[in-house]
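Colleague: I'd like to ask some things about the structure below.
The values are calculated or read from the model by the stated rules, or taken from the named source; none is laboratory data. Computed from a predicted structure; not experimentally measured. All Cβ positions, glycine included, derive from the backbone under ideal geometry; neighbour counts span all protein chains shown. Accessible surface is based on the protein model in full, side chains and every heavy atom, while ligands, DNA and RNA are left aside. Shrake-Rupley method; radii C 1.70, N 1.55, O 1.52, S 1.80 Å.
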Amino acid sequence: MTSPPSVPADLLPAAYADFLDALGVADEDAAVGIALDLLDAGVPPPRVLLDLVGRSQEEVGLRWQRGSWSVAQEHAATAVNERVVAALGRRTPPGSRGHVVLACLDGEWHALPGRLVAEVLRLAGWTVTFLGASVPAGELVAYLHQHGPDVVAVSCALPVHLPAAHRTIVAAQRTGTPVLAGGPGFGADGRWARKLGVDAWAPDAREAVRLLDELPWPEPEPDQVGDDGPGAEYAGLRERRSTLVAAALRALDGRTALGSTGGDLGAGLDAGLEDDLTQTVDFLAAAVYLSDPEVFTGYLGWLAALLTERGAGFDGIHAVLTEFDGGLHDFPFAQECLARGSALVREQVAGASA
């Protein structure tokens, strides 16, 4: 590979601050202009995609988490970043090294990370078909049969989608197509990707490029979940999903999962309380599916950090966990996950009050 052209060391950091300002007011023209100016100044395109757009998108999420940006601001900024990626993509020449199909898992609506990876792979010479957000396994498999790519890449931002990931991985591999997994939903070290038997896992776009350079890959580790899934406890928990959510809503009795009583703090998570409770059950179900409590405790850790950032109380989440524990008294692994989650929240409360 050739060395990237030399550029002033301070060019990208200075542009980054202006770029964030443009995202904050949803100024698409300014954001696109900044990105294209960096290209014209000699900044390598992967750096503009990853170190400008990708890094800024992480900051957008953090600002929402801190409550300094509203959901509407976060959505507007994401839409602008998508337009920036499209503008950058128009400057990418067609690839000839092979064909990669990239898709976000069924239920996964965070499409921008996958789109960024797709553009970086194109810059590395690959022909990439990006199928977008929330692609059902059956539709993906039909596409693989029709077009026969060299690799299918699947993107997962949240571990709650791991059961869907497993179905997609198994179905794709049955077509004879190797599967490359990416995204934080597979675990920071890719542990859940390996547990689901993927052919390769990449923590970021640059590693995805390196891995594709090494094709063909060796045989993957065996799928540790199995074609028949994780058994009766997962199925039973899914059956009780609506009952658990309804019971938690009654237990909250007007409180929110954030422990607030509404107002500006409630905008975002609290406005869709039933959806949030359903997601909590789904994270618990994913932990049962993977036989790994960390899937659930990781989510609760994020939620506890969110509560702390926003200065909210923990009464609501305590009430929810207690209700789930009672409703799942005959589910031993789920109860273990809930016990660990409750302990984690108690530690967070103690830390916040220290």
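Colleague: Which three semi-axes in whole Å describe the equivalent ellipsoid of the chain, each the square root of 5 times a Cα gyration tensor eigenvalue, listed largest first?
Modeller: 36, 28, 16
Colleague: Continuing with this model, one more query. Out of the total accessible area of the chain (probe 1.4 Å, heavy atoms of protein only), what percent is carbon and sulfur?
Modeller: It is 52 percent, rounded to a whole number.
Colleague: OK, next. Any chance you could check the Cα centroid distance between segment 47-93 and segment 333-347 for me, in angstrom?
Modeller: Using only Cα atoms, the two centres lie 34 Å from each other.
Colleague: Another question, if that's okay. Which of the chymotrypsin sites (Phe, Trp or Tyr not before Pro) found in segment 32-137 are in a DSSP loop and have at most 14 neighbouring Cβ atoms, other than their own, within 10 Å?
Modeller: Passing sites in segment 32-137 are Trp109.
Colleague: Quick check on segment 71-181: what does the Kirkwood estimate of hydrodynamic radius come out to from the alpha carbon pairs, in Å?
Modeller: After inverting the pairwise mean of 1/r, the radius is 14.4 Å.
Colleague: In segment 63-150, what trypsin sites (Lys or Arg not before Pro) fall in a loop by DSSP, with at most 15 other Cβ atoms inside 10 Å? Walk me through the numbers before you get to the answer.
Modeller: Values: sites: Arg63, Arg66, Arg83, Arg90, Arg91, Arg97, Arg115, Arg122; in loops: Arg90, Arg91, Arg97.
Filter output for segment 63-150: Arg90, Arg91, Arg97.
Colleague: Now for a separate question. To the nearest 500 deg cm²/dmol, what mean residue ellipticity at 222 nm is calculated for the chain from DSSP H runs of n ≥ 4 alone, each contributing -39,500 (n - 2.57), summed and divided by the residues?
Modeller: Helices in the chain give a 222 nm mean residue ellipticity of -17500 deg cm²/dmol.
Colleague: Compute the accessible area per residue over the chain, keeping the other protein chains in place, probe 1.4 Å, unit Å².
Modeller: Ligands and nucleic acids excluded, the result is 45 Å² per residue.
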